[in-house]
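What follows is calculated from the coordinates using simple rules that are stated; it is not laboratory data. Just so it is clear, the structure is predicted and the values come from calculations on it, not from any experiment. Positions of Cβ are backbone-derived with ideal geometry, glycine not excepted, and every protein chain shown enters the neighbour counts.
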Amino acid sequence: MAKLMYLCFIILTIAVVVSAGGCDGDRQDMIRECGKYQKFPAEPKLAPSDACCAVWQKANIPCLCAGVTKEKEKIWCMEKVGYVANFCKKPFPHGYKCGSYTFPPLA
C-alpha cells in the first residue's frame, strides 16, 4: 500500500511540474520573436515578422494569458497584443480575457 501511495505521489508531482511549465517555451518564444511588436507605447503598431506569427500560430494562448499579471500588463500593451494576434490570423474572440484585459470586438 505504501508503494502505491508513493507511486501516486510521484505521478501527481510529475503532472504538476509538467502543467506548471506547459507554456514556458511559448512564453520565451513570444518574448524573443514578438516582444518588440507588443510593448508600450501603444503607437505605432508595427506589422509583426513571419517568425512572430509562427510563434502565435503554435502558442498555447490560454496558458499564456493565465500568466498575465498586472505587472506584465505595464510592459505588454494588450491593445498591441490584440493587433499582433489579428495580423497573425489567430485573433482573440470578443470578450476573451487575458490577464485583466478583455478584448473588444474586432475592428
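Things to note:
- Estimated vicinal HN-Hα couplings, Hz - region 47-64 in sequence order (Karplus 6.51, -1.76, 1.60; Gly, Pro = x): 5, x, 6, 4, 5, 5, 5, 5, 5, 4, 5, 9, 5, 8, 5, x, 5, 4
- Under Karplus coefficients 6.51, -1.76 and 1.60, residue-wise ³J(HN,Hα) of region 70-78 in Hz, glycine/proline x: 4, 5, 5, 5, 7, 9, 8, 7, 5
- On full extension, the segment bounded by Phe40 and Tyr96 gains 18.1 nm, given 0.36 nm per residue less the C-alpha separation.
- Calculated from backbone phi, Karplus (6.51, -1.76, 1.60) coupling profile of region 80-97 in Hz, x at Gly/Pro: 5, 4, x, 4, 4, 4, 5, 4, 7, 6, 9, x, 6, x, 3, x, 5, 9
- Cα centre as origin, Lys/Arg/Asp/Glu Cβ charges: region 38-80 dipole, Debye: 80
- Long-range amide H partners of Phe40 with built H, under 5 Å: Cys77
- Its Cα centre serving as origin, region 24-103 has a Cβ charge dipole (Lys and Arg +1, Asp and Glu -1) of approximately 100 debye.
- The amide H of Cys98, built 1.01 Å from its N in the peptide plane, has Phe103 as neighbours under 5 Å, considering only residues 5 or more places off or on other chains.
- Scaled against 2.2 N^0.38 Å for its residue count N, the alpha carbon radius of gyration of region 25-107 is 0.97.
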